[in-house]
Amino acid sequence: MKKLVLCVLLLLVTLTGANANEQKHSRIHHRHHHAISHRLHRWHDGRPSAWCGWQMRQWFGGDAKYNMAEEWAHRGTPAQPGEFNTGVVVVVWPHHVGYITGYDTKTKEYIVKSGNSGPHRTIYEHPRSLKGVIAIRKLASDVSYSGNTYIERMWLNNEH
């Protein structure tokens, strides 16, 4: 009788352990698949899934490496606080990039415009804390804003 009980317990432990391993593998596979599909997602207009850097390229030019937000930390020259309202000043966070368009005296924050931002992940301009920035760069004086891009016009006209 003891042998039978031990065999049943051993069988249950083995089956339960195998099921737990299958569930763990399934969770890991799902997370891995989700991460890969998120990185591979492309919009119909060529934007990558994380498109703030791409949008900055539409406005200010640059090659494909500038699709990555962190690459903007190496473009231009370091901006000094007195220069934040002159020319094009780019603000770089670890996974986001935008440019300063003004200063909000009420919130005491700089107004930043960027793509893939705000509550609906659109082109968004709003007062934003500079906490956590990794770089504030001033672009060369020959770089200027290229106006409303296709994607910006689309969002402005509610054609999304």
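Here are some notes:
- Of all residues in the range 63-103, those being over 25 Å from Trp51 (Cβ atoms), in contact with a Lys or Arg (Cβ under 9 Å, 6 or more places away or on another chain) and not in a helix (DSSP H, G or I) number 4.
- Each residue in the range 117-134 was checked for being in contact (Cβ under 8 Å) with a residue 12 or more places away in the chain, over 13 Å from Tyr99 (Cβ atoms) and not in a strand (DSSP E or B), and 3 of them qualify.
- Test for Asn148: is it at pLDDT below 95, surrounded by 13 or more Cβ atoms within 10 Å (Cβ to Cβ) and not hydroxyl-bearing (Ser, Thr, Tyr): yes
- Only listed residue being in the same structural domain as Arg121 (by TED's automatic domain parsing) and either at pLDDT 80 or above or exposed (fewer than 11 other Cβ atoms within 10 Å of the Cβ) (or both), chosen from Ala35, Ala20, Ala73: Ala73
The values are calculated or read from the model by the stated rules, or taken from the named source; none is laboratory data. Given the structure is predicted, the values throughout are model-derived calculations rather than measurements. Because the Cβ atoms are built from the backbone with ideal geometry, glycine has one as well, and the counts that use them run over all protein chains shown.
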